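Reading through the structure tokens given below for one structure.
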Amino acid sequence: MVVYQCLKTCGFFLTVCLIISVDCSLLHKKNSFENVGKSELFLTPLIEQGLLDKARKLSMVKPLLKNFSVESHAGYLTVDKNYNSNIFFCFFKSVTDWEKAPVTVWLQGGPGSSGFFGLLLEHGPYMLKNCELFPRDYSWHNLSNMIYIDNPVGTGFSFTELDGYTRNQTIIGEHLYSAVEQFLTLFPNLKNNKFFITGESYAGKYVPSLAYTIHKKNAEVNNSFKVNLQGLMIGNGLSDPVNMMKYGDYLYQTGLIDFEGLSLFHEYENNIVASVNEGNYDKATDLFGELVLGYRYSPHGTLLTNLTGIQEHFNFLNEHESGWSSNHTKFVNSEVFRRAVHVGNRQFSDGKAVAENLKQDIMKSVISKIVELLDQYRITFYNGQLDIICAYPLTVNFLQNMKWKHADSYKKAERMIWKNGDDVLGYYKVVNNLNEILVRNAGHLVPTSQPRTAFLLFASFITNNLHNTTLQN
């Protein structure tokens, strides 16, 4: 789900907190946004009044799967009253002593892709098949409290007035910080727990932006509210676009384009970098769209598609990795679903307006934030081996060019084989606070391609023990 392509392939993401099944024939009816029966649940006024018990009770989402129970909460947190900007979240308590378990935020990419795509298709407690929910074997809530957020405002069930759409990572970080502060006020038992931020794709910018805001707020002398931030984990992230602009070399080495195609890619890439250096971010994004992103910025197809025939860029061996179907879209727009997660008549947004307002942000880097954060926090970068849009060699290239205090050590670091028993899961390097990991046989959406490996990866991340990846029954 990187940038604009996501609006075509997986633009409707959702929170699945409950519901055993829904009659798909009913979902084929025209959207029934009237008569939902309840309005949105705004928790901020209750939090500000100190009515925390009431807020927790109202936000509860009852699990309806027989013989499978997970306690969850959902609702709205107001992050900018001037623009009526409200972030929607869904929280799942860990099955392992939730009051002592870590707290993990998951952010999706896009921009404009709901974090709850990860919940339904990657690592949430439930997965949807033929309009029916089933428990997921490798759900991350077995290891941590999980908060799935629709970010930025205007994404999924989050919403704002027209002028409230975010246009830069600073505002996104501030909005997310406000949501985190309110959440930890609502659940004070979790305030001192270890706190982690995770995400994938365009969240390669969101994750550092939230972490950086927390880092700065924690350092304020007059700020009594502190978040116990421990680390960040970014999967197939678009964090430093210019230094990741090496698509031609990657595609040539994998045999997907020939030497003539390589020359065409190099020409595009040079023009994109030149546009960024000139400060023309609109042009740079347009060219990026024509090169590999597609969608609105290249209605006649991308150079990638024209040369390779590959329509999607998540996995060059499987173009249907996202697994999204029309039933998912119909499900999230159903009346029963919207009522269950306390969004009232609110329609689920495809994120188009979010993407349009962040167009100039696409080609900007967050490398300076990452460098500062590495001084104090663990950061794991992982990539699926088969991804195109945020391929492993592109991530390595930006890490190799990153100017930080352990840069020389990173360049000389030994690459280790990552195994679980006799299974080779991938390869990794560890240098000070930086982990760089390649996951074998996975694409852009690592938890979708390799759910078991992703579970092990998450476990090793929150326990800071990458060397021990034995999966217990």
_Euclidean distance of C-alpha centroids, region 70-132 and region 205-270, integer Å_ = 23 Å
*For region 172-295, what Kirkwood radius comes out of the mean inverse Cα-Cα distance, in Å?*
17.2 Å
*Name the shape class, rounded, prolate or oblate, that the alpha-carbon gyration tensor gives for region 98-150, where a ≥ b ≥ c are the square roots of its eigenvalues, rounded holds for a/c under 1.5, and otherwise prolate holds if a/b is larger than b/c and oblate otherwise.*
oblate
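Which order results if Leu43, Leu58, Leu399, Leu317 are arranged by neighbouring Cβ count within 10 Å, fewest first?
Numbers: Leu43 28, Leu58 15, Leu399 23, Leu317 11.
In order of increasing Cβ crowding within 10 Å: Leu317, Leu58, Leu399, Leu43.
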*Which of the peptides 443-451, 416-424, 306-314 is most tightly packed, and how do the rest follow, judged by the mean count of other Cβ atoms within 10 Å per residue?*
443-451, 306-314, 416-424
_Taking a ≥ b ≥ c as the square roots of the Cα gyration tensor eigenvalues, with a/c under 1.5 meaning rounded and otherwise prolate when a/b beats b/c, else oblate, which class fits the chain?_
rounded
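Let's see if you can work this out: charge +1 on each Lys and Arg Cβ, -1 on each Asp and Glu Cβ, no other charges. What is the dipole magnitude of the chain about its Cα centre, in debye to the nearest 20? Don't skip to the answer; put the middle values down first.
Numbers: 42 positive and 44 negative charges, 261 e Å.
I would put it at about 1260 debye.
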*Grab the Cα-Cα distance for Glu278 and Ser263, subtract it from 0.36 nm times how many residues apart they are, and report the gain in nm with one decimal.*
3.1 nm
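Ranked highest first by average number of other Cβ atoms within 10 Å, how do 425-432, 385-392 line up? Please report the intermediate quantities before stating the final value.
Numbers: 425-432: 19.6, 385-392: 24.5.
Descending packing order for the listed peptides: 385-392, 425-432.
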*Count the net charge of all other residues whose Cβ sits under 12 Å from the Cβ of Ile437, scoring Lys and Arg as +1 and Asp and Glu as -1.*
+2
*Chain lengthening between Lys191 and Asn223 when straightened (0.36 nm per residue, less Cα-Cα)*: 10.1 nm
*Sticking to Cα atoms, compute the Rg of region 243-308 to one decimal and its Dmax as the biggest Cα-Cα distance, whole number, in Å.*
11.5, 34
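Determine the percent antiparallel among the DSSP beta bridges restricted to the chain, to the nearest 5. Walk me through the numbers before you get to the answer.
Working: 32 of 59 bridges.
About 55 percent, rounded to the nearest 5.
Within 10 Å, count the other beta carbons around each residue, average over each peptide in 85-98, 368-381, and list them highest first. Working shown, then result.
Numbers: 85-98: 22.4, 368-381: 19.0.
Descending packing order for the listed peptides: 85-98, 368-381.
Can you sort Ser275, Ser39 so the residue with the fewest Cβ neighbours within 10 Å comes first? Walk me through the intermediate numbers first.
Working: Ser275 19, Ser39 11.
Result, fewest neighbours first: Ser39, Ser275.
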*Where the centre of each part is set by its Cα atoms, how far does region 149-202 sit from region 379-397, in angstrom?*
25 Å
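Test of understanding: ordering Phe116, Phe348, Phe68 by Cβ neighbours within 10 Å, fewest first, what list do you get?
Numbers: Phe116 30, Phe348 23, Phe68 14.
The order, fewest Cβ neighbours first, is Phe68, Phe348, Phe116.
Every read-out reported here was derived from the displayed coordinates using simple, explicitly stated rules and does not represent laboratory data. All values derive from a computational prediction rather than experimental measurement. So basically every Cβ, Gly included, is an ideal-geometry build from the backbone, and we count neighbours across all protein chains shown.
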